[in-house]
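Chemist: Got a structure for you, questions after.
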Amino acid sequence: IRRGYGGRVTAETIPPIAVREHTVDAFVREFLRELNFGQGVDLTRASVNDKYLAMARTVRHYLMTRWLSTLRRQSELQAKSVAYLSAEFLLGRQLDNALLAADLEDIVTEGLASLGIELDELRQAEVEPGLGNGGLGRLAACFIDSLATMNVPCIGYGIRYEYGIFQQTFVDGEQVEKPDDWLRLGSPWEFPHPESAVTVDFGGSVEQYQDDDGVVKRRWVPGWSVLGVPYNYMVPGYESGRVNTLRLWSARATRAFDLEIFNSGDYAEAVRAQTFAENISKVLYPEDSTPQGKELRLQQQYFFVACSIKDFVDQVLPQGFDLHKLPERIVFQLNDTHPVIAVPELMRVLVDEKGWDWDDAWATTQQCFAYTCHTLLPEALEVWPVELLGRLLPRHLEIIYRINEEFLEELREAYPDDELRVRRMSIIAEYPVRAVRMAYLATVAGSKVNGVAALHSQLLRDKVLDDFAQHWPEKFTNVTNGVTPRRFLKLSNPGLSGLITEAIGDGWVTDLDRLKGLEPLADDAEFRRRFREIKHANKLRIADVLERRDGIVVDPETLFDVMVKRLHEYKRQTLKLLHIVSLYEQITTGRLALADVTPRTFAFGAKAAPGYVMAKQIIALINAVGRTLNEDTSLEGRLRIAFPANYNVTLAETLIPAADLSEQISLAGKEASGTGNMKFMLNGALTIGTDDGANVEIRQLVGDENFFLFGLDEPQVAEIVERGYQPSAYYETNADLRRALDLILSGAFSGGDRHTFEPVVANLLHEDRFLALADFQAYVDAQAKVDVAYADQEAWTRSAVLNVARGGFFSSDRSMRDYIDRIWHTPPVSPS
Ligand code: 7GP
């Protein structure tokens, strides 16, 4: 035992950790104590928020023993840990997960009821921490859940944004963003440790000096600094006894900074300086897949990785630890390029602060990092202008230059007659401005590089990072994404979870391959009936939520056709919209009889990056089409659009279990993996999808007969683009497509105004970067097959059951096993 967050103690002086009594009475006592002494109110006067906060704090007491013993055990054993470095952790609500981990739901329900409180009312009071944009951030949250459950030591490092992903509202159908003030009513799940704040430097210059032996060296003379205050969150495993830690950093002004200005007597300036520092962790950048190269974003990135490395080296490791053994104790996993500045930071610590020689430091650094890439879009690959990096982190820029120099030297030796290749692979890009390619830096520094689905990893090797894969074939690997079955099946779909457990026992919660045991039940009529009943109940549940949350009315008797994900042209929400508009056009012109239309609820959920103009217009168009269809009584409610604003983790948890059809219709070769696709499958929806991302693996597992495949595959896309894609040709030759686009242009959805949606249509006709028009007919044909299949409810349910039964592969527990075997080599450790 050594210095930790609580001062100096020895193993002998630590008092035993109090264990909470697992009874209704004990819970009620604790709860009332929290309410009275924590919140300072008595029950008769307590607001819902008071009760929620008191309950949350009570629940966390029950996990505390496990957390403290996990930490104590870890400092005894010094086992190798994963440090998951991620600018985003999209956690979702914490209460249910904590209740599950503490096995408290029944006790809390009963205890609260004895006080006249409904657990469900308190649940609704929790504001979800939206500290992520979408897939990448939610994946990080699933991964840390799995590691805790599998007993693997892990510390998540990220940023405690004061404002998470914006709250989306619709005003006249258009997206309007509101700040996400998630901390406003208190944040009972976090443990701030201001006393353990670390200093992070920025700016200044680099100077040359002579060390004690007269050797000339270089060091950073920073210009300004901020403090990083750690906030710890529990990451409880399910039935594992382990509680890992998520440590999020919050920026504060340094005292030195304050004092200097204070002494000069300028109070207002001192406060301004404080604001300046605190801006660093103020807000999550809302761009998903298209980062803007903003200075503040680079500050955020360096801020959290510098805090994390310092924390790990100075606080987590025992004093006097020989850093040459660092690779035995840690692997820093880089969640995309956002934390890649950690590479030169570790080099700076080892070379400048610890006095190591360069080669030694580089050898160690390379063993400590691994890099996951989450995209294929060229515009998503982060590049930092040298001018900006040099201004903000001058010493890091020098270090990057040196890494690059040595790397290029190695390349010139390997490819003496291929200077073109050497330049292509340079970490420094020369055009349009001199800039650092962060993905290249990560690839050079990382011991492994992985994509997030089989196809994605292959395209990384063959296209995006092909030169690197040729140079270091053994560096490249794949780990297909997964999702946590605790949150996205057990908690979110209690009906189906109960049925599964009844059929095969509850082992599936930590061993999802056991879902295989459901396969024979696909042929059991009684099982299918109950399965359908549960789906129906889930539709009633979401119908209720949508009505109360958004005033949206849906018909639970219809096919629920759901597309929820960020709004991006490559994901092709417009393709689905064109299908809907085409159906509507055919009905209103009498070419399609209403009686022949399968009643459907088309559900959308999507946020657009605030600066992404086209995405926002597409949102407005979905809402406009929705208003027209929903108000058109001639449709008799057979086709409705439900587009609730502010799709988030909480809404996903009730919407996905109600879905019949999962829309995964990105242009082949663009969606790295997708993880929503896995959640739908596990909740018994059938997929209509392209051969893209993890859809490929989903289809292989579930079988062609249980999946609606359509559209061009990646080689076909590449060929069409190579030949010169002409979207207007499809408009001219496909009458249904033309009529649908013309209907939008006619102003039918914009009160007769022909200009409103002209840019969306024009973009499709003249550019259509993601080949929506080329895939239109194939999509419509596949949707016709959906209608036919859905008409046979027994066969449909059979397919739905098989989707669940064959979805076990997509547990994030399996992803973690793959990371451990292929990249991390971190064995599980018993927590006590
Ligand atoms: C996403 C990918 O778009 C998605 O296909 C994948 O399932 C998910 O990561 C998890 O791997 N990417 C992002 O969310 C993102 O912001 C930045 O990528 C490059």
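Chemist: Answer yes or no: is there a residue in segment 650-665 that is closer than 16 Å to Asp768 by Cα and crowded, with 20+ Cβ neighbours inside 10 Å.
Modeler: Taking every residue of segment 650-665 in turn, at least one turns out to be closer than 16 Å to Asp768 by Cα and crowded, with 20+ Cβ neighbours inside 10 Å.
Chemist: Now for a different question. Name, by its number, the condition in (1) out of contact with any Phe, Trp or Tyr (no Cβ under 6 Å at 6 or more places or on another chain); (2) within 24 Å of Ile820 (Cα to Cα) that does not hold for Leu334.
Modeler: Condition not satisfied by Leu334: (1).
Chemist: Please indicate, with yes or no, whether at least one residue in segment 92-103 is more than 28 Å from the chain's Cα centre (by Cα) and modelled with pLDDT of 95 or more.
Modeler: No, segment 92-103 has no match at all.
Chemist: Further, regarding this structure: Which one is farthest from the ligand (Cβ to nearest atom), of the residues in segment 677-686 that are under 23 Å from Leu577 (Cα atoms) and buried (at least 24 other Cβ atoms within 10 Å of the Cβ)?
Modeler: Among those residues, the one meeting the criterion is Ala685.
Chemist: Yes or no: Phe710 closer than 30 Å to Ala125 by Cα, at pLDDT 95 or above and among the aromatic types (Phe, Trp, Tyr)?
Modeler: Values: closer than 30 Å to Ala125 by Cα: no; at pLDDT 95 or above: yes; among the aromatic types (Phe, Trp, Tyr): yes.
No, not satisfied.
Chemist: Go over the candidates Ala87, Ala79, Ala83 one by one and state the one that is within 16 Å of the ligand (Cβ to nearest atom), touching a residue at least 12 places away in the same chain (Cβ under 8 Å), small (Gly, Ala, Ser) and under 25 Å from Tyr371 (Cβ atoms).
Modeler: Just a single option satisfies the conditions, and that option is Ala87.
Chemist: Continuing with this model, one more query. Could you count how many residues in segment 568-598 are over 17 Å from Ile688 (Cα atoms) and part of a loop (DSSP other than H, G, I, E, B)?
Modeler: 7
Matching residues to (1) within 16 Å of the ligand (Cβ to nearest atom); (2) touching a Ser or Thr at 6+ places or on another chain (Cβ under 9 Å); (3) at positive phi:
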| position | (1), (2), (3) |
| --- | --- |
| Leu583 | no, no, no |
| Gly590 | no, no, yes |
| Thr601 | no, yes, no |
| Gln617 | no, yes, no |
| Asn630 | no, no, no |
| Ile641 | no, yes, no |
| Pro657 | no, yes, no |
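Chemist: Looking at Leu583, Leu592 in this structure, which one is crowded, with 17+ Cβ neighbours inside 10 Å, more than 16 Å from Ile656 (Cα to Cα) and outside the structural domain of Gln167 (by TED's automatic domain parsing)?
Modeler: Testing whether each residue is crowded, with 17+ Cβ neighbours inside 10 Å, more than 16 Å from Ile656 (Cα to Cα) and outside the structural domain of Gln167 (by TED's automatic domain parsing) leaves just Leu583.
Chemist: Scan segment 120-142 for residues that are within 10 Å of the ligand (Cβ to nearest atom) and either in a helix (DSSP H, G or I) or assigned by TED's automatic domain parsing to the domain that holds Ala608 (or both) and report the count.
Modeler: Selection size over segment 120-142: 7.
Chemist: Give me the residue from segment 453-504 that is away from the ligand (no atom under 14 Å from the Cβ) and among the hydroxyl-bearing types (Ser, Thr, Tyr) and, out of that set, farthest from the chain's Cα centre (by Cα).
Modeler: So the residue we want is Thr501.
Chemist: Taking segment 493-513 only, how many residues are touching a residue at least 40 places away in the same chain (Cβ under 8 Å), farther than 12 Å from Arg530 by Cα and in a helix (DSSP H, G or I)?
Modeler: Counting residues in segment 493-513 that are touching a residue at least 40 places away in the same chain (Cβ under 8 Å), farther than 12 Å from Arg530 by Cα and in a helix (DSSP H, G or I) gives 4.
Chemist: Any residue in segment 379-394 that's farther than 21 Å from Trp224 by Cα: show its pairings with residues that are of a type outside the set (Val, Ile, Thr) and more than 16 Å from the ligand (Cβ to nearest atom) at Cβ separation under 7 Å, as long as the two are six or more apart or on different chains.
Modeler: Val383/Ala429; Val383/Ala435
Chemist: Here's another thing I want to ask about it. Restricting attention to segment 198-215, which residues are at pLDDT 95 or above and either of a type in the set (Val, Ile, Thr) or in contact with a helix residue (DSSP H, G or I) (Cβ under 9 Å, 6 or more places away or on another chain) (or both)?
Modeler: Across segment 198-215, the qualifying residues are Val198, Thr199, Val200, Asp201, Phe202, Gly203, Gly204, Ser205, Val206.
Chemist: Confirm whether Val41 is in a loop (DSSP other than H, G, I, E, B) and either more than 16 Å from the ligand (Cβ to nearest atom) or free of Cβ contacts under 8 Å to residues at least 24 places away in the same chain (or both).
Modeler: Numbers: in a loop (DSSP other than H, G, I, E, B): yes; either more than 16 Å from the ligand (Cβ to nearest atom) or free of Cβ contacts under 8 Å to residues at least 24 places away in the same chain (or both): yes.
So Val41 passes the test.
Chemist: Where residues in segment 285-315 are crowded, with 21+ Cβ neighbours inside 10 Å and of a type in the set (Val, Ile, Thr), which of them is nearest to the ligand (Cβ to nearest atom)?
Modeler: This residue is Val305.
Chemist: Here is a further query. Tally up the residues in segment 373-427 that are within 16 Å of the ligand (Cβ to nearest atom) and farther than 19 Å from Tyr302 by Cβ, please.
Modeler: Residues in segment 373-427 being within 16 Å of the ligand (Cβ to nearest atom) and farther than 19 Å from Tyr302 by Cβ: 8 in total.
Chemist: Please work out which residue is farthest from Trp384 (Cα to Cα), limiting yourself to segment 406-437 and to residues that are in a helix (DSSP H, G or I) and among the basic types (Lys, Arg).
Modeler: Arg412
Chemist: Let me ask something else. Pairs under 7 Å by beta carbon, first residue farther than 30 Å from Arg252 by Cβ in segment 202-214, partner part of a strand (DSSP E or B) and among the hydrophobic types (A, V, I, L, M, F, W, C), six or more apart or different chains?
Modeler: Gln208/Val216; Gln210/Val216
Chemist: Ok, one more. List the residue pairs whose Cβ atoms are under 6 Å apart, where the first residue sits in segment 262-291 and is assigned to a loop (DSSP other than H, G, I, E, B), the second is modelled with pLDDT of 80 or more and away from the ligand (no atom under 16 Å from the Cβ), and the two are 6 or more positions apart or on different chains.
Modeler: Going by the 6 Å Cβ cut-off, the qualifying pairs are Lys282/Glu162.
Chemist: Something else: Return yes when Ile165 is more than 14 Å from the chain's Cα centre (by Cα), at pLDDT 95 or above, closer than 30 Å to Ala277 by Cβ and not assigned by TED's automatic domain parsing to the domain that holds Ala645 and no when it is not.
Modeler: no
Chemist: Can I ask one more? Taking Val235 as meeting all but one of (1) in a strand (DSSP E or B); (2) within 16 Å of the ligand (Cβ to nearest atom); (3) touching a Cys at 6+ places or on another chain (Cβ under 8 Å), write down the number of the exception.
Modeler: (2) is the only condition that Val235 fails.
Chemist: If you check Pro318, Pro339, Pro344, which single one turns out to be buried (at least 19 other Cβ atoms within 10 Å of the Cβ) and either outside any helix (DSSP H, G or I) or within 16 Å of the ligand (Cβ to nearest atom) (or both)?
Modeler: One residue alone meets the criteria, Pro339.
Chemist: Another question about this same structure. Report yes if Gly693 is modelled with pLDDT of 95 or more, within 24 Å of Trp508 (Cα to Cα) and either among the polar types (S, T, N, Q) or within 10 Å of the ligand (Cβ to nearest atom) (or both), otherwise no. Walk me through it before giving the result.
Modeler: Details: modelled with pLDDT of 95 or more: yes; within 24 Å of Trp508 (Cα to Cα): no; either among the polar types (S, T, N, Q) or within 10 Å of the ligand (Cβ to nearest atom) (or both): yes.
So Gly693 does not fit the description; no.
The values are calculated or read from the model by the stated rules, or taken from the named source; none is laboratory data. Computed from a predicted model, the values in this text were never measured in an experiment. Cβ atoms come from the backbone with ideal geometry, glycine included; neighbour counts cover every protein chain shown.
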